[in-house]
Amino acid sequence: VGKTIKCKAAVAWGPSQPLSVEEVEVAPPGKGEIRIKILATGVCHTDAYTLSGKDPEGVFWPIILGHEGGGIVESIGEDVTTIQPGDHVIPLYIPECRTCKFCKSGKTNLCSKVRATQGRGLMPDEKTRFTCRGQKVYHYMGCSTFSQYTVSLEISVVKINHQAPLDKVCLLGCGITTGYGAAVKTADIQPDSTVAVFGCGGVGLSVIQGAVSRKARQIFAVDTNPRKFEFAKKLGATDCINPKDFEKPIQQVLVEKTDGGLDYTFDCTGNTSVMRAALEACHKGWGQSIIIGVADAGEEISTRPFQLVTGRVWKGSAFGGIKGRSELPGIVEDYLNKKLEVDMYITHKFKIEDINKAFEAMHDGECIRSVIEF
Ligand code: NAD
Ligand code: DAO
Ligand code: ZN
């Protein structure tokens with residue numbers, strides 16, 4: 001039987017409070033669980049959103065956030081068969097149990113196996129594996145990567161090539177895979193097509209990479225912050241457009257520039273007005289718009305239904321439609337084979353003690369991704 005580990009973690013004690021780096025106790029992995037030494041983790045907007053207290057998915061305090069991590073398996077619990085100590089893994093906020101209705105459908109990556117407990121910050125036995133100052137600390141999205149050691153389920157981690165540098169491929173745990181998958185899997189972009197990407201942060205830039213890999217003919221990078229265009233161009237955007245430079249609505253500008261609209265558009269902003277513009281920038285008869293951005297609680301989308309009657313399609317995508325355990329290893333290989341850029345995204349690096357600086361950097365408009373090391 002394993003022992004409890006004492007280690008460093010960034011604990012969120014309450015909404016809008018800075019994270020507090022302190023010693024936590026991490027219990028040994030239970031049945032079907034593994035304990036991971038996290039080496040690096042990205043910081044994503046969803047962490048900031050949850051920390052703001054506006055997340056409707058009832059979050060409980062204190063909690064250890066973080067869901068974009070990479071680490072090495074320290075120990076495994078009873079009944080774990082596919083993972084061993086020493087394996088390099090990426091935690092998955094969408095598990096892949098391969099036995100639930102969703103997994104077996106072949107139609108979606110949204111596994112339902114532990115949805116209920118994960119959403120309440122608990123392991124399937126309704127308990128948590130973290131303690132701090134004698135108090136139980138909740139898990140986050142089944143990952144809690146802002147801790148030097150974390151416990152996840154076997155179905156919620158993917159083993160990857162140990163040659164992949166964890167301080168880079170940790171980013172494949174969320175944003176990059178999300179955008180890339182949305183382009184190549186959800187939209188299934190066809191060669192010679194036209195694409196517009198609204199919002200060129202980590203997610204949108206990865207849609208651009210997916211569109212390039214599918215040999216799209218024209219790729220519009222749309223952002224209200226022109227500082228993002230340098231990255232977008234490097235990754236293969238053919239046209240960069242700032243909606244603020246035009247009097248007309250951006251959808252009209254794009255429709256005029258593309259002889260009737262785009263084959264594919266993507267919302268990577270989470271702004272519901274942008275979602276509408278993205279749908280309406282699609283070509284009549286066949287254009288598809290994919291919603292990736294996560295809107296604030298209570299927001300709704302709207303357009304005239306005639307937009308859909310006349311053949312435009314509105315879709316959404318979570319984690320790029322990627323099944324973590326089956327498909328993420330291939331994306332790691334794409335990175336190792338230089339088919340997928342990751343390093344360029346890392347504009348900031350911090351030690352865990354300075355993790356609050358990563359949250360500040362996110363708001364300054366220069367940051368694509370921060371990577372935190374322990
Ligand atoms: P980001 O903040 O780094 O990027 C957003 C970009 O949108 C910024 O460059 C910003 O300048 C731009 N923008 C803002 N308003 C705009 C407007 N009106 N028009 C054009 N551009 C505008 O965020 P990110 O990390 O790239 O994530 C993007 C979105 O995707 C977020 O909403 C995030 O929560 C969501 N997300 C979804 C999933 C999923 O599985 N569906 C996964 C990860 C992230
Ligand atoms: O199965 O009902 C469900 C929820 C699955 C989680 C999907 C999350 C997608 C968006 C997350 C934002 C980025 C971390
Ligand atoms: Zn499942």
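Data for the structure
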{"quantity": "Residue in segment 150-166 that is among the charged types (D, E, K, R), part of a helix (DSSP H, G or I), within 16 Å of ligand 3 (Cβ to nearest atom) and under 27 Å from Pro28 (Cα atoms) present", "calculated": "yes"}
{"quantity": "Qualifying residue in segment 30-50 (condition: polar (S, T, N, Q), closer than 19 Å to Phe130 by Cα, touching a Ser or Thr at 6+ places or on another chain (Cβ under 6 Å) and at pLDDT 95 or above)", "calculated": "yes"}
{"quantity": "Hits in segment 1-23 - residues which are among the β-branched types (Val, Ile, Thr), in a loop (DSSP other than H, G, I, E, B) and at pLDDT 95 or above", "calculated": "Thr4"}
{"quantity": "Hey, Asp267 in contact with a Ser or Thr (Cβ under 9 Å, 6 or more places away or on another chain), modelled with pLDDT of 95 or more and either within 16 Å of ligand 2 (Cβ to nearest atom) or outside the structural domain of Ile301 (by TED's automatic domain parsing) (or both) or not", "calculated": "yes"}
{"quantity": "Residue check for Glu23: buried (at least 20 other Cβ atoms within 10 Å of the Cβ) and assigned by TED's automatic domain parsing to the domain that holds Ile368", "calculated": "no"}
{"quantity": "Within segment 84-95, considering residues that are more than 12 Å from ligand 2 (Cβ to nearest atom) and outside any strand (DSSP E or B), the one surrounded by the fewest Cβ atoms within 10 Å (Cβ to Cβ)", "calculated": "Gly86"}
{"quantity": "Pairs where the first residue, in segment 146-167, is free of Cβ contacts under 8 Å to residues at least 40 places away in the same chain and the second is within 16 Å of ligand 2 (Cβ to nearest atom), C-beta under 6 Å, 6+ apart", "calculated": "none"}
{"quantity": "Selection status of Gly316, touching an Asp or Glu at 6+ places or on another chain (Cβ under 6 Å) and farther than 23 Å from Ser152 by Cβ", "calculated": "no"}
{"quantity": "Pairs, first crowded, with 17+ Cβ neighbours inside 10 Å in segment 299-326, second of a type in the set (A, V, I, L, M) and assigned to a loop (DSSP other than H, G, I, E, B), C-beta under 7 Å, six or more apart", "calculated": "Ser317/Ile292; Ala318/Ile94; Ala318/Leu110; Phe319/Ile94; Gly324/Leu92; Gly324/Ile94"}
{"quantity": "Segment 96-118, residues that are of a type in the set (Lys, Arg), within 11 Å of ligand 2 (Cβ to nearest atom) and surrounded by fewer than 18 Cβ atoms within 10 Å (Cβ to Cβ)", "calculated": "Arg115"}
{"quantity": "Identity of the residue in segment 220-250, in a strand (DSSP E or B) and under 20 Å from Gly270 (Cα atoms), that ends up nearest to ligand 1 (Cβ to nearest atom)", "calculated": "Val222"}
{"quantity": "Residues located in segment 270-296, provided they are β-branched (Val, Ile, Thr) and either more than 16 Å from ligand 2 (Cβ to nearest atom) or under 14 Å from Phe220 (Cα atoms) (or both)", "calculated": "Val274"}
{"quantity": "Tabulated pairs, segment 212-226, first on the phi > 0 side of the Ramachandran plot, second outside any helix (DSSP H, G or I), C-beta under 7 angstrom, 6+ apart or interchain", "calculated": "Lys215/Pro191; Lys215/Asp192"}
{"quantity": "Conditions (1) in contact with a strand residue (DSSP E or B) (Cβ under 6 Å, 6 or more places away or on another chain); (2) in a helix (DSSP H, G or I); (3) farther than 17 Å from Lys257 by Cβ: number failed by Cys200", "calculated": "(2)"}
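The values are calculated or read from the model by the stated rules, or taken from the named source; none is laboratory data. Just so it is clear, the structure is predicted and the values come from calculations on it, not from any experiment. Every residue, glycine among them, receives a Cβ derived from its backbone with ideal geometry; neighbour counts consider all protein chains shown.
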